[in-house]
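Let me begin by presenting the structure, written as structure tokens, before commenting on it.
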Amino acid sequence: MTQEPSNRREENALWSIFGYLVSGLLFWGGVGWAADHFLHHKYFTLVGLLVGMGGALYLVWLRFGRE
Amino acid sequence: MRALANLHAAGAGFVPPSTNDFNLPPISDSVAWLTKPVLLVFLSVIVVSTFFVLSSRKAAVVPSRLQFAGESVYAFVRNDLARDVIGHDFMRFVPYLFTLFTFVLTNNIFGIVPLLQFPAMSHVGFPYVLAIFSFLVFHYVGIRKQGLGKYLKEIAFMPGVPLPVYILLTPIELATFFIVRPLTLSLRLFANMFAGHLLLLVFIMGGDYMMHDSHLIMKLFSPFSFAFGIALTFFEFMVQCLQAYIFTLLTALYIAGALADEH
């Protein structure tokens, strides 16, 4: 598809991975924070962040690790 | 300039540069929106268009120096960014990528051009608009290529995962494609330009302050601050080119991703 496929694929992968990690933390961390805020707990933010991180890493593995 | 004036007017102590130095007043009081960054953006459009019209007007087989310069930039965007990243069918996107690259690059470099010396992209509104354009382009391209339903399905549902896991993964994928991508695209450019300009302000204003200080030792060290300011200006030049390149590269990568058949 490209002139230097391996190089470009790595570049693409780098930014995709970065995007996944950020949005995993943001989304599930945000959900956890909202849960804490409305249910008056303390631990959901942490749980959310961990779940988000795990989900993001799982996505990265699904997309780039399975080849 | 205003920052320096403030500094001397205050008289007491070093006032470090702050975000206030980015809120430049309107050039004329009657037109509130016409500030220096806005003017620079207009100027960049004029500069870019003039340069490329002039460099391509008398196109010859044996290029003049100007034509060579213009064609080098064009060839760089077409070959190294569009063709290598998007692959076949890349010519459709060259006009957009080329405009994006030259526009961002010119505005960034305005940050170190004497007298202009302000990167418009350090106002977050400008990168936002550019990122929205790129956002619309790559989603539009993807929807046109694959149809709305299939495009969204490919984004949201990674194949080969047990059904309940989608509750965990789908929000992350959607957030990546619709929020994080345009946001990081614009914030990366904004933050780099903002921090770079602030860095230069610190060293140049610091040098100026030390030069006017009554202590001899401060005066002696002032040239070092200026020298560092000059060194950082070259560093900034590198960052400015790099950020224009990255912005265009990522747009091309997103377009390529939207066009790709498999996820």
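Restricting attention to region B:74-123 and to residues that are among the basic types (Lys, Arg) and crowded, with 17+ Cβ neighbours inside 10 Å, the residue that is farthest from residue B:48 (Cα to Cα) turns out to be B:83. Among the conditions (1) assigned to a helix (DSSP H, G or I); (2) surrounded by fewer than 20 Cβ atoms within 10 Å (Cβ to Cβ); (3) at pLDDT below 90; (4) of a type in the set (Gly, Ala, Ser), the only one that residue B:258 does not satisfy is (2). Within region B:231-263, being within 24 Å of residue B:44 (Cβ to Cβ), aliphatic (A, V, I, L, M) and more than 14 Å from every other protein chain (Cβ to nearest Cβ) holds for B:232, B:238, B:239, B:244. Filtered by the rule that a residue be more than 8 Å from every other protein chain (Cβ to nearest Cβ), under 15 Å from residue B:175 (Cβ atoms) and under 11 Å from the mean Cα position of the chain (by Cα), region A:17-53 gives A:17, A:21, A:25, A:29, A:49, A:53. Criterion applied to B:143, B:172 was being farther than 25 Å from residue B:192 by Cβ and touching a Gly at 6+ places or on another chain (Cβ under 6 Å), and the one residue passing it is B:172.
Checking every residue in region A:6-13 against the condition of being modelled with pLDDT under 90, of a type in the set (A, V, I, L, M, F, W, C) and surrounded by fewer than 20 Cβ atoms within 10 Å (Cβ to Cβ) gives at least one match.
Scanning region B:69-98 for residues that are touching a residue at least 40 places away in the same chain (Cβ under 8 Å) and of a type in the set (Val, Ile, Thr) yields a count of 3.
Please specify each residue of region A:54-67 satisfying the condition of being within 15 Å of the chain's Cα centre (by Cα) and either more than 10 Å from chain B (Cβ to nearest Cβ) or surrounded by 16 or more Cβ atoms within 10 Å (Cβ to Cβ) (or both).
A:55, A:56, A:57, A:58, A:59, A:60, A:61, A:62, A:63, A:64, A:65
Residues that are hydrophobic (A, V, I, L, M, F, W, C) and within 12 Å of chain A (Cβ to nearest Cβ) number at least 1 in the following helices (runs of 4 or more DSSP H) confined to region B:113-222: B:148-156, B:165-175, B:181-211. Summed over region B:51-78, the residues that are in a loop (DSSP other than H, G, I, E, B) and basic (Lys, Arg) give a count of 1.
Tell me, yes or no, whether region B:86-95 has at least one residue that is closer than 28 Å to residue B:232 by Cα, within 21 Å of the chain's Cα centre (by Cα) and of a type outside the set (Val, Ile, Thr). No, region B:86-95 contains no residue that is closer than 28 Å to residue B:232 by Cα, within 21 Å of the chain's Cα centre (by Cα) and of a type outside the set (Val, Ile, Thr). Criterion applied to B:235, B:247, B:177 was being closer than 30 Å to residue B:23 by Cα and buried (at least 20 other Cβ atoms within 10 Å of the Cβ), and the one residue passing it is B:247.
The values are calculated or read from the model by the stated rules, or taken from the named source; none is laboratory data. Owing to the predicted nature of the structure, the values given are computational and were not obtained by experimental measurement. Using ideal geometry, Cβ is built from the backbone for each residue, glycine included, and neighbour counts are taken over all protein chains shown.
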